Each structure stands twice: as structure tokens, then as C-alpha cells.
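> I am attaching a structure below and will ask some questions about it afterwards.
Nothing in this text is a laboratory measurement; each read-out follows from the coordinates by a stated rule. Just so it is clear, the model here is predicted, and its values are computed rather than measured. Cβ atoms come from the backbone with ideal geometry, glycine included; neighbour counts cover every protein chain shown.
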Amino acid sequence: MQFRGNVFRYGRDVDTDVIIPARYLNTSDPAELAKHCLEDLDVTFRDRVRPGDIIVADENFGCGSSREHAPVAIKAAGVSCVVAKSFARIFYRNSINVGLPIFECAEAVDAIHDGDAVFVDADTGTIKDETTGQTFQAQPLPPFIQEIVNDGGLVARTKRIMGQKAAAAAGDASKKDGE
């Protein structure tokens with residue numbers, strides 16, 4: 001998996017209430033959540049974000065409540081991945097569960113600026129600031145997490161696997177019927 005986009009740079013302790021304010025939690029529609037993503041932190045985000053763009057943030061990104069709506073809103077807004085110095089644990093897991101790739105790399109965060117063009121290779125963990133030419137090394141996503149992200153999240157992955165098992169079982173049953 002590879003991602004390329006322009007950076008939206010934020011500070012530390014960006015909490016889930018800022019990522020998607022509680023007043024919008026009456027819906028779980030990703031498109032509706034995307035309309036309000038980060039609006040209390042950056043009123044221009046919605047109008048400027050383009051598919052593939054990347055969020056880069058300092059420590060403790062996604063702290064606060066455990067709402068899964070936050071990574072859903074980020075992903076639905078078109079953000080391809082998030083790079084931060086660290087993530088709140090529940091946000092980290094929720095991101096993977098909804099298929100939003102995230103990477104921890106303090107060196108990259110310290111060097112990358114708002115608006116920089118950045119390339120991220122999830123297979124190798126390479127993060128390259130194409131604006132400055134600097135390259136950084138994050139931990140690559142393990143294969144099982146890449147599979148979850150590629151499938152669009154944990155629920156989609158589970159449906160795919162269950163579908164494969166059902167198809168295999170149906171194939172086995174038809175072989176027995178034909179014998």
C-alpha cells in the first residue's frame with residue numbers, strides 16, 4: 001500500500017471531540033461525518049482536503065472518548081493515512097478497525113510542514129517528504145493489519161472471509177452431491 005498527498009499539520013492532543021464534534025454523533029453516515037471533520041480545529045479543512053491527503057500531528061492524536069466516528073470521519077473526508085508521534089490507544093485500534101492506516105514516526109512529524117507533499121509506503125514504513133526530499137522510517141504495517149486496511153476495515157474483512165468459507169463449503173457440498 002502506498003499513499004501520496006498533501007499534509008494537514010496539527011499539534012498535540014487532538015481529541016476525538018475536535019475530530020468529530022459530539023453534536024454530529026446522531027449519525028453514523030460516513031459522508032455526513034466527513035462534512036464536519038475537524039471543523040472546530042480547522043474551519044478550512046473540509047474545503048481544502050483532497051482524496052489522498054495526509055494528516056500529520058504531534059503526540060496523543062485521537063485522545064478523548066472512544067468514538068469510532070472519529071477515524072470514520074477522517075477516512076470519509078478523503079484522508080489516506082495519519083502520521084503522528086503517538087496515538088491514543090483506542091483511536092489506534094478504531095482506526096485499524098475502520099481501515100484507516102496510521103503510522104508513528106516522531107522524526108517525520110518534527111520535519112514535515114503543513115502543505116508538504118508526502119509519500120508513505122505502508123509495506124516498508126518509508127515516509128518521504130517530497131517537498132524537502134527527507135526520508136524517514138516508521139514501523140511498517142504488519143501483513144494482517146494491511147489485510148484489514150485493504151479490505152476497508154475489520155467488518156469488511158470478516159465478511160470477505162466468511163464469504164470465502166461459505167463458498168468453499170458450498171463447493172464441498174456440491175462435490176459430495178456429484179459423487
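> Using DSSP, restrict attention to beta bridges with both residues in the range 32-156 and report what percent are antiparallel, rounded to the nearest 5.
Among the beta bridges of the range 32-156, antiparallel pairing accounts for roughly 45 percent.
> Roughly how many Å is it from the Cα centre of the range 1-57 to that of the range 144-168, as a whole number?
26 Å
> Sorted by average packing, counted as other Cβ atoms within 10 angstrom per residue and highest first, what order do 60-73, 149-162 take? Display every interim value, and only then the final one.
Working: 60-73: 22.4, 149-162: 15.1.
Sorting 60-73, 149-162 by mean packing, highest first, produces 60-73, 149-162.
> Counting only helical runs of four or more DSSP H residues, what would the 222 nm mean residue ellipticity of the chain come to if each run contributes -39,500 (n - 2.57) and the total is spread over all its residues?
After summing the helix terms and dividing by the residues of the chain, the value is -11000 deg cm²/dmol.
> Over the alpha-carbon set of the range 13-91, work out the extent along each principal axis and list the three values in angstrom, largest first.
27, 25, 18
> Explain nothing, just the number: dipole magnitude of the chain about its Cα centre with +1 on each Lys and Arg Cβ and -1 on each Asp and Glu Cβ, in debye rounded to the nearest 20. Provide the component values of the computation, followed by the final result.
Numbers: 20 positive and 27 negative charges, 123 e Å.
Taking the Cα centre of the chain as origin, the dipole is about 600 debye.
> Can you sort Arg93, Arg23 so the residue with the fewest Cβ neighbours within 10 Å comes first? Each step should come with its number before you reach the end.
Working: Arg93 15, Arg23 9.
Exposure proxy ranking, most exposed first: Arg23, Arg93.
> Neighbour counts of other C-beta atoms within 10 Å: give me Phe87, Phe45 arranged from fewest to most.
Values: Phe87 21, Phe45 18.
Neighbour counts put them in this order, fewest first: Phe45, Phe87.
> Using 7 Å Cα-to-Cβ label points, what is the Arg23/Asp114 separation (nm, one decimal)?
2.2 nm
> Lys/Arg Cβ at +1, Asp/Glu Cβ at -1, dipole of the chain taken about the Cα centre: which of Tyr24, Val120, Asn150 is farthest positive-ward?
Farthest towards the positive pole: Asn150.
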